[in-house]
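Here the structure comes first, spelled out in structure tokens, and everything after it is commentary.
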Amino acid sequence: MQQSVVLKASNDGYDLIFRQAASFDEIMVDLKALLTRMQVDNTTEKQISFDMSTEGRLLTADQTKQVTQLVNRYPLFSIHKLTADVIVTADALAMIDRNTVHLVNQIIRNGQVIAVTGDVLFFGKIHEGGILRATGSIFVMGEVAGGLEAGYPDHNDAVIVSDLATVPRVRVGELLELVDLEKIATGTNVVYINDIQALDYQPLNQLKRVRPKLFTRNGGHL
């Protein structure tokens with residue numbers, strides 16, 4: 001009969017694999033037997049840390065607690081990490097959102113705050129007093145008389161790409177400031193946090209220089 005828990009040696013210690021086909025009760029029985037046997041065989045009093053994988057199974061919070069409590073009964077053993085080859089649907093959708101450029105074409109009126117998870121390509125219109133807020137970068141092709149907030153609340157690698165002539169204030173990550181028309185270039189600007197952790201403004205043709213990873217991620221060319 002195939003064991004529900006498989007022990008493998010690795011460069012960093014030991015891997016414990018919980019077979020997906022086994023029931024959780026079977027896993028707990030076999031895990032207890034394995035840990036007991038290892039404790040008896042361990043004559044060096046050396047601490048052992050396990051990397052545990054549940055393969056395609058997601059443990060519930062209660063099941064994770066049961067596994068942790070069982071391992072904690074053995075003073076020489078500890079859990080380094082507990083991972084699965086799958087994630088819950090909500091986490092997967094959130095990850096997709098964070099890595100997607102969302103097209104937004106709407107009017108944001110005075111007092112409205114439109115918040116988007118991920119990057120935004122904006123085609124609409126922001127009235128004075130309105131705010132477009134994104135966890136990623138903001139690329140503007142519409143009209144803006146309100147605020148632009150990229151990398152909200154603390155993603156300092158984000159950028160704002162926009163004509164800033166009518167934009168009263170910008171925020172990138174944790175930094176917020178009023179737009180100084182004497183600082184900006186004519187036409188489209190790139191707003192970003194520079195190496196001295198201050199908001200900086202560059203013309204559009206400098207985007208690849210100031211944020212090369214943006215092009216690596218999206219496969220772009222400039």
*Among what's in the stretch 53-88 and is assigned to a strand (DSSP E or B) and exposed (fewer than 13 other Cβ atoms within 10 Å of the Cβ), pick the residue that is nearest to the chain's Cα centre (by Cα).*
THR83
_Show the residue pairs meeting these rules: Cβ distance below 7 Å; 6+ apart or different chains; first residue within the stretch 100-112 and within 15 Å of ALA145 (Cα to Cα); second residue surrounded by fewer than 13 Cβ atoms within 10 Å (Cβ to Cβ) and at pLDDT 95 or above._
ASN110/GLU128
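Need at least 2 residues that are of a type in the set (S, T, N, Q) and open to solvent by less than 80 Å² (accessible area, probe 1.4 Å) per element, so show me which strands (runs of 3 or more DSSP E) inside the stretch 103-222 make the cut, counting only ones lying wholly within it.
Passing ranges, in order: 188-193.
The values are calculated or read from the model by the stated rules, or taken from the named source; none is laboratory data. What you are looking at is a predicted structure, and each value in this text was computed from that prediction instead of being measured. Every residue, glycine as well, gets a Cβ built from its backbone with ideal geometry; the counts of neighbours run over all protein chains shown. Heavy atoms of the whole protein, side chains included, go into the accessibility calculation; ligands, DNA and RNA do not. Shrake-Rupley method; radii C 1.70, N 1.55, O 1.52, S 1.80 Å.
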